[in-house]
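Structure record follows, encoded as structure tokens.
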Amino acid sequence: MKPHSRWKKGKHVEDASDVKEHFIKDCSFDEPYAVFCGVASCEEKIIENNELSRTREKRERTDKRKSNNRHGIRKTSNYCRNRYSNIFRSAIKMVSLILLSVLVKSIAAFGESAELDKGRVDILDEGLTVSHENDVVLPIVGRRLSGSPPKAPSLDGASFTTSSLDAAPSTTPPLKATTSLPIDPSCCGDKEKLKVHYSSSIVENEYIVAFNGYYRQEARKRFIAAALNESNVVRWEIVPRNNPAMNYPSDFDVVQIQEFGNKEGLEALKDHPAVKRVTPQRMVIRHLHFVNDTQENIWNDVSFANVSLSENAPKMVGLDLEPREENDLPQDDDEEVKLDEGEEYEGLLPNVNNNYGDEESADNQDESGADCHGSPCHNGNPPYNADTGWPASRPLSRASLTLGTAFWQTTGRHSSRRLLRAIPRQITSTLQADVLWSMGITGAGVKVAVFDTGLSKSHPHFKKIKERTNWTNEKTLDDGLGHGTFVAGVIASSGKACLGFAPDAELHVYRVFTNNQVSYTSWFLDAFNYAILKKVDVLNLSIGGPDFMDHPFVDKVWELTANRVIMVSAIGNDGPLYGTLNNPADQMDVIGVGGINFEDQIARFSSRGMTTWELPQGYGRVKPDIVTYGSLVQGSSMEGKCRQLSGTSVASPVVAGAVTLLASGVLHRGGIINPASMKQALMASARRLPGVNMFEQGHGKLDLVKAYQVLSKYKPQASLSPPYIDLSECQYMWPYCSQPLYHGAMPTIVNVTILNGMGVSGRIVDPPVWHPYTPQFGHHLSVAFTYSEVLWPWSGHLAVWITVADGAKDWEGTARGHISVTIESPPEEGETQPRVSQVKLPLKAKLITVPPRHKRVLWDQFHNLRYPPGYFPRDNLRMTNDPLDWNADHIHTNFKDMYQHLRNSGYYVEVLGSPFTCFDASNYGTLMIVDPEEEYFPEEVTKLRQDVEAGLSVMVFADWYNVSVMKKVKFYDENTKQLWMPVTGGSNIPALNYLLASWGVALSDGVYEGDFTLGERDMHYATGSSLAHFPAHGTVLRTSLQDHAREMLEAETQTVPDVPILGLLQTQSEDTDAGRLVVYGDSNCLDNSHLQKDCFWMLDALLEFTMSGHIPNVFSSNAGAPVTPTADLPAKMENSNLHKHSKVVEHTLGMEQMRPLPPCPTLTVVTPQPLNVSNKSLNIHVGLKLLSQPEMVAPVAAAVVKMEPPHVQMPAHRGGDNHHDHAHNQGWLNWLGLSEENLPVVIFLSVIALTLLSWYWYRHRHRPKRRRNKLRKVVMAAINGRLPSV
């Protein structure tokens, strides 16, 4: 390989030795450089690098000395004088620095306070102050000259005993600086990553029968028999469940039913008074795949769910994991290297590639020397596999989103060109768990449950495995996969190399997956019931899926939290796409956890909000609740060593471990801790990440120490999430901040979550009250509310509908006020009065005058259907790895980039969540109908035709629809022998043709794809339809595309010339201002879910036509021949299940009929109660602040922890604050070797030293810095306390 020249330290490197040295430094990152270096191992690289550095420095010193002698500069007298002067100045500086450090230490000794709520935590053992600014461990004072971060105390084999505050002086374990391995562990050896997929399917003829209460087995059998014996069921049987919960009362049974088509047995079961619900049984299969980590981009290796589908939808879709194991260290292939206890190591990311558009597996690489393992490497579209229902194609990357282009996604940090380093570290030290450990808080007394793949009883990292239960059909309790071991290790490991947060917690292991990675919904339900019976405190669930309508599972989650079980769940690994939250983490009563990396950036794989339950009429809630480290986190492996994994399923046990640790620290407060109060504390203490919106980070990054401070003083109360509404605050309040309010717009909806820490149930006493601030123009806002009638369990919702009052039509400015809500809960045991909490929700909004009609766009949300509950396939048929269309098709989810582009172009975009009969078309220039799956009411068709005649323009982006292709993409599950048919195609083309028939426009059932050029711009057509009818006076664009339907049905590739894909039409009417119509056959170029090449530029050109009537030259110059009408138009698929999910049609008497047109939503604006608040500088960005207990919370008894020497003896607390402060300060003075008598002298000398140091700096501030030798640099940096923390 020919080495290319580089720029280094401001000069061009051309010398051969310099080039070689530079390449040696790069050998850890690039294999070709290592070949050029000619070194065999990491040790040789480091040695050779050091030798070259010494040789080069010696050569430079020699050249400089010769140059000085040659010019006569170096004379003996000046040399001696300068030499002694330098020594004198160095001595003054050294003494000054030492005295200055003593002064700072002395001041710190007197200035320390036990108040932790001022953003600082003082660790008494070695004087290390942990500052919460910028999350950096700052070594202010202390004996460590290395400046390295404190090591988490080793808990392996340590004994914990509780001592009284009045006892003898306790020994607090010192925080020792950690050592680093001398060799970079990532420069040698291959790395592996773990891909995890979940597939789910319905089990044939098996149903979960949920009862209204808990009954014994005999009673449940009688209920089922009474319902089925009178029906025409061929055979039925209750499936036996052999697990630890079999002898306890249960609220469900699994029944096998064989009957013929009429389904009388199911209907009989549903009609039984003791039966709550009947749902199909589901089987979940997990697939683990190890791939070579060095061959892939570490962030692009997020695999997505491979889901077998059903009309009732699967429950759980897996969360990806990306491991880096401990044996990534330099080693031989057949030898494992174990981390030494108490040591850390630094690793390197393997060739991070910023081309996010390339997502290749280790088994499928390009032609640049990669091995495709026997299969051909395809650079273009993959071939169709005729043996399967879906094309055999590699997954198209979701990573084509342009993360760096959107202003709200910046982290607010400067990014320069640098090598990306992943620094494996103790996650417990990073989150300062050792601060709580030093207080004796180690998780004791808390029961934590891990629902996963099991755990070995003899694993050396776990010392308190209280119970292991098996809920599968295998006769083992051990972990055969490693995932459950890792999750349990993050929570409760006592291994020194990979500590868990709560090593003394009671660990309850629930094995719900087999070694073949199979599970069933009923297994989870039984295990959940058993967890309730065992009174588990914390439960971690590192799995999830998009199906929020799986009622047995969701109902059981509610029941768990109602029984005070704090559930922590991963938010999902489907990022960076918005609207990809997983269930149950999207539940209000569950702590949903997102992932960040160790640079405090949102991990690319972490799913984003909003929740999508509430669409189309409402708006989603804020999720995730909190984020924490989920990238390259260390945990336990099955072999008793450590490994590293990435994913939100890693971030989830991090929070679960932190919650367990926090709960153990406040056990003395009784029953004050519940799912709501814990969630409130985590939210109130979280640190907001700069430049990241709330649908990415929730309330911010986990702050363990601050959360403990909040819990220690917590008072039962209600709170709101988000705690305030500022529609002008960017970037946190995106998308609300992206568009101001104006009169006549669709209501802006803010869906606020109510957390009720006072009790499992509650209610809003009176309707919420809107208090506008009169001096701050709050009366210009009109506010309406919809809210939960009952808050259960622990939570509810408050939807705030905001519009502009009629009197502010021509007003522009900022309006303020606040909303007051009163929450009431029943009294707890021993109380006589209900618990009441009053909550205030500040509101701020920016108002503008009404924009002109040609700048207003209306987005049709009402006619979008998605999964769940039905099988609505993806719009791109190449997306076989995630065929579900489950991202809501909203402008703030998978059409986010398109929305932001329209806003940047000056358009105002509003969302219509009701039928076309419910909007005033005179306010809007264009109605956008994108990827619709719903039918249309006849009243809508008539209304739209009239609106177009009055000047409204309509823009349609359709997708594929072909009955034969729909049958081809059905899912056949080998386990259940069942076929699942899609409800419709990518779009509902028959319904669209019904809507557009008034203008003589129709779409065909052709399915086309391919690349083409339009106006010197490259375009991609991803499995869209074509025009079948279009008026001759319109403008039609044609291009040559591949017939994808033929490829799928006949496995033949055919190019079809002149396919009509785009039509522009000026409608005709008696009114000369009639609207215009645009129809394009593919929406994938707007959809972030499938985006390969965006067509935003074309959208701008089309809007120019619809708003003004001017046809851009790019369309007129490329116009093709008119469309020849065809008689065959797409027809509805027979026996379609669309009526089960539609808001428009229903199935009555064996026929599909239209439902009655629903009334348009009306809002009752509340009567405002103005307040004369005139403080214009009022800051509403106060975050979530919780009320504290008025009395001081009893301090936690200190613990004696047996650690390695040296020990630092601290004086005992004799009781009382004054005694505590005096003992604290006296301990510092003794540690410094000072007394109260000589302290003034030391301060005086320190002031003199500071003066001399200032004089020295002033005299030499303009002189260039001289080169220091390395040893002197290290000593000076250590004295100054500037060594960087790891």
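The values are calculated or read from the model by the stated rules, or taken from the named source; none is laboratory data. Not measured: the values here are computed from a predicted model. Counting neighbours? That spans all protein chains shown, and the Cβs are built from the backbone with ideal geometry, glycine included. SASA here: full protein model, heavy atoms, side chains in, ligands and nucleic acids out. Shrake-Rupley method; radii C 1.70, N 1.55, O 1.52, S 1.80 Å.
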Give the residue, chosen from 237, 267, that is at pLDDT 75 or above, open to solvent by 20 Å² or more (accessible area, probe 1.4 Å), in a strand (DSSP E or B) and out of contact with any Phe, Trp or Tyr (no Cβ under 7 Å at 6 or more places or on another chain). 237
Anything in the stretch 487-523 that is part of a helix (DSSP H, G or I) and in contact with a strand residue (DSSP E or B) (Cβ under 7 Å, 6 or more places away or on another chain)? List them, or say none. 487, 488, 489, 490, 491, 492, 521, 522
Could you tell me whether the stretch 677-686 includes any residue that is out of contact with any strand residue (DSSP E or B) (no Cβ under 9 Å at 6 or more places or on another chain) and under 25 Å from residue 433 (Cβ atoms)? yes
Read through the list (1) more than 27 Å from residue 566 (Cβ to Cβ); (2) without any contact (Cβ under 8 Å) to a residue 60 or more places away in the chain, then give the number of the only condition that residue 822 fails. (1)
Here is a check on your reading of the model: is residue 511 open to solvent by less than 10 Å² (accessible area, probe 1.4 Å), of a type in the set (D, E, K, R) and touching a residue at least 24 places away in the same chain (Cβ under 8 Å)? yes
Residue 550 is checked against (1) open to solvent by less than 10 Å² (accessible area, probe 1.4 Å); (2) within 11 Å of the chain's Cα centre (by Cα); (3) closer than 28 Å to residue 1142 by Cα and fails just one. What number does that condition carry? (2)
Quick one: would you say residue 867 is modelled with pLDDT of 95 or more and closer than 30 Å to residue 942 by Cα? no
Residue list for the stretch 894-927, filter: out of contact with any helix residue (DSSP H, G or I) (no Cβ under 7 Å at 6 or more places or on another chain), over 26 Å from residue 581 (Cβ atoms) and of a type outside the set (Ser, Thr, Tyr): 904, 918, 919, 920, 927
For the stretch 901-920, enumerate the residues that are touching an Asp or Glu at 6+ places or on another chain (Cβ under 7 Å) and open to solvent by 10 Å² or more (accessible area, probe 1.4 Å). 905, 917
Per the list (1) free of Cβ contacts under 8 Å to residues at least 40 places away in the same chain; (2) under 29 Å from residue 1019 (Cα atoms); (3) in contact with a His (Cβ under 8 Å, 6 or more places away or on another chain), residue check on residue 1153 breaks on (2)
Counting only strands (runs of 3 or more DSSP E) entirely within the stretch 814-924, those with at least 2 residues that are of a type in the set (Lys, Arg) are 835-847
Within the stretch 842-900, of all residues that are surrounded by fewer than 22 Cβ atoms within 10 Å (Cβ to Cβ) and among the hydroxyl-bearing types (Ser, Thr, Tyr), the one farthest from residue 1102 (Cα to Cα) is 880
Does residue 569 count as small (Gly, Ala, Ser), touching a Leu at 6+ places or on another chain (Cβ under 6 Å), at negative phi and open to solvent by less than 10 Å² (accessible area, probe 1.4 Å)? yes
Within the stretch 1118-1146, how many residues are farther than 21 Å from residue 966 by Cα and either open to solvent by 80 Å² or more (accessible area, probe 1.4 Å) or modelled with pLDDT of 90 or more (or both)? 12
Count, please, the residues in the stretch 994-1045 that happen to be more than 22 Å from residue 1115 (Cα to Cα) and out of contact with any strand residue (DSSP E or B) (no Cβ under 9 Å at 6 or more places or on another chain). 2
Residues (within 24 Å of residue 1022 (Cα to Cα) and either touching a Cys at 6+ places or on another chain (Cβ under 8 Å) or open to solvent by 60 Å² or more (accessible area, probe 1.4 Å) (or both)) located in the stretch 1097-1115: 1098
Considering only residues of the stretch 737-757 that are in contact with an Asp or Glu (Cβ under 8 Å, 6 or more places away or on another chain) and touching a residue at least 12 places away in the same chain (Cβ under 8 Å), which is nearest to residue 623 (Cα to Cα)? 751
So, restricting to strands (runs of 3 or more DSSP E) that lie completely within the stretch 934-1051, which ones have at least 1 residues that are open to solvent by 20 Å² or more (accessible area, probe 1.4 Å) and either at negative phi or in contact with a Gly (Cβ under 8 Å, 6 or more places away or on another chain) (or both)? 971-973, 978-980, 1008-1014, 1017-1024, 1027-1029, 1035-1043
